[in-house]
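Q: The structure that follows is given in the form of structure tokens.
The values are calculated or read from the model by the stated rules, or taken from the named source; none is laboratory data. The structure presented is a predicted model; accordingly, all values stated were derived computationally and were not measured. Here the Cβ positions follow ideal geometry from the backbone for every residue, glycine too, while neighbour counts run over all protein chains shown.
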Amino acid sequence: MHEHIICDSSGADHIETTNYDKKNILKRMVPYLIKMKEVGCDSLVDSTPPGEGRAVRILKECSLQSGLNIVTNTGSFYGRGVSKEIRDNDIDGIVHIWQKEYIEGIDGTDIKPGFIKINKIPVNLLEKKEFDTNIWNGNGVYLRENY
């Protein structure tokens, strides 16, 4: 299941996840997540990458309140959803960023990604860097076509 509990497409360089209204997000989303749990869903794959508003602390709270296992990711999207940090790095630098999230946790938490998200088969240089990074890193590659 490919879902987004929180998603912000305003552009990676403009997103500040600490400004999210956590209380309102939980109030709106947790009842849906509880319903999912009640009908037999045990896990939800949240595909919101860094640069599109991934907020792992809120995902963790959604998980705790609903009883659902919520899997988040590392990686990046394309276009405005690619952070300056990713745009400005070579393959080794991107590998380091993604490995650090796997080893140390995301955004200073103990939450680790369950998969790497890249948007599509590489077409331009940035997408090629992302794809090569996944292959180089030896991790599973999550690919999807735009829809």
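Q: I want to confirm something. Restricting to segment 1-52 and keeping residues that are of a type in the set (S, T, Y) and free of Cβ contacts under 8 Å to residues at least 12 places away in the same chain, which single residue is farthest from S76 (Cα to Cα)?
A: Y32
Q: Same structure again: Within segment 43-96, work out how many residues are on the phi > 0 side of the Ramachandran plot and modelled with pLDDT of 90 or more.
A: Here the count works out to 1.
Q: To continue, here is another question. Would segment 120-137 turn up any residue that is assigned to a helix (DSSP H, G or I), crowded, with 16+ Cβ neighbours inside 10 Å and at pLDDT 90 or above?
A: The answer is no, given that none of the residues of segment 120-137 is assigned to a helix (DSSP H, G or I), crowded, with 16+ Cβ neighbours inside 10 Å and at pLDDT 90 or above.
Q: Looking at V56, V71, can you tell me which residue is out of contact with any helix residue (DSSP H, G or I) (no Cβ under 7 Å at 6 or more places or on another chain), surrounded by 22 or more Cβ atoms within 10 Å (Cβ to Cβ) and farther than 13 Å from A12 by Cα?
A: Of the residues listed, the single one that is out of contact with any helix residue (DSSP H, G or I) (no Cβ under 7 Å at 6 or more places or on another chain), surrounded by 22 or more Cβ atoms within 10 Å (Cβ to Cβ) and farther than 13 Å from A12 by Cα is V56.
Q: If you don't mind, another one. Determine, yes or no, whether D107 is surrounded by fewer than 18 Cβ atoms within 10 Å (Cβ to Cβ), part of a loop (DSSP other than H, G, I, E, B) and at pLDDT below 95.
A: yes
Q: For segment 6-28, give me the residue count where each residue is surrounded by 11 or more Cβ atoms within 10 Å (Cβ to Cβ) and of a type in the set (D, E).
A: Number satisfying all stated conditions: 2.
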